[in-house]
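Since the structure comes first, as structure tokens, the remarks are kept for the end.
The values are calculated or read from the model by the stated rules, or taken from the named source; none is laboratory data. This structure is a prediction, so every number in the text was calculated from the model and none was measured. Every residue, glycine as well, gets a Cβ built from its backbone with ideal geometry; the counts of neighbours run over all protein chains shown.
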Amino acid sequence: MIAGLVVITAIAGVFYFLVPGIGAFHVRRRWRRFRRQIVETSGRRTLRYGNFERAEEGYVGHFRFIGALEAIQGSDTVWVHDGTMSVSADLRGVSVMLLPSISQEDPLDPLERNEDVLPDEMPV
């Protein structure tokens, strides 16, 4: 009787405390790594034609590029356009995070209410 109670308590402890605890630490580690990568990327040079006009074909370095998705080529390449140029990005082995869009308020309204502007969604 007591042995059965110990087994049931151990199983409950594993599934109510141990598994959720490990999952919480894993998610927190991934979130911190994502934030650190965003901060590191924000300090990189912006990609422009002049950055690589004399470079040979292949790897030319790490750059920051902000644009809109233009096309998807195959299963691992995307084309992004920023209004002046288009670049391809090889996403093989890369995790893609979708950031929530910010709602647009009336630009003529002088008062900005952050609760209306900021999204309630988390990155996915």
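Any chance the stretch 15-35 includes a residue that's part of a loop (DSSP other than H, G, I, E, B), among the hydrophobic types (A, V, I, L, M, F, W, C) and surrounded by 10 or more Cβ atoms within 10 Å (Cβ to Cβ)?
No, there is no match, as no residue in the stretch 15-35 is part of a loop (DSSP other than H, G, I, E, B), among the hydrophobic types (A, V, I, L, M, F, W, C) and surrounded by 10 or more Cβ atoms within 10 Å (Cβ to Cβ).
Condition test on Val7, is it in a loop (DSSP other than H, G, I, E, B) and surrounded by 10 or more Cβ atoms within 10 Å (Cβ to Cβ)?
no
Scan the stretch 46-73 for residues that are at pLDDT 90 or above and either of a type in the set (A, V, I, L, M) or exposed (fewer than 13 other Cβ atoms within 10 Å of the Cβ) (or both) and report the count.
Of the residues in that region, 3 qualify.
I'm trying to understand the selection: among the residues of the stretch 64-97, which are farther than 15 Å from Leu47 by Cβ, part of a strand (DSSP E or B) and aliphatic (A, V, I, L, M)?
Leu69, Ala71, Ile72
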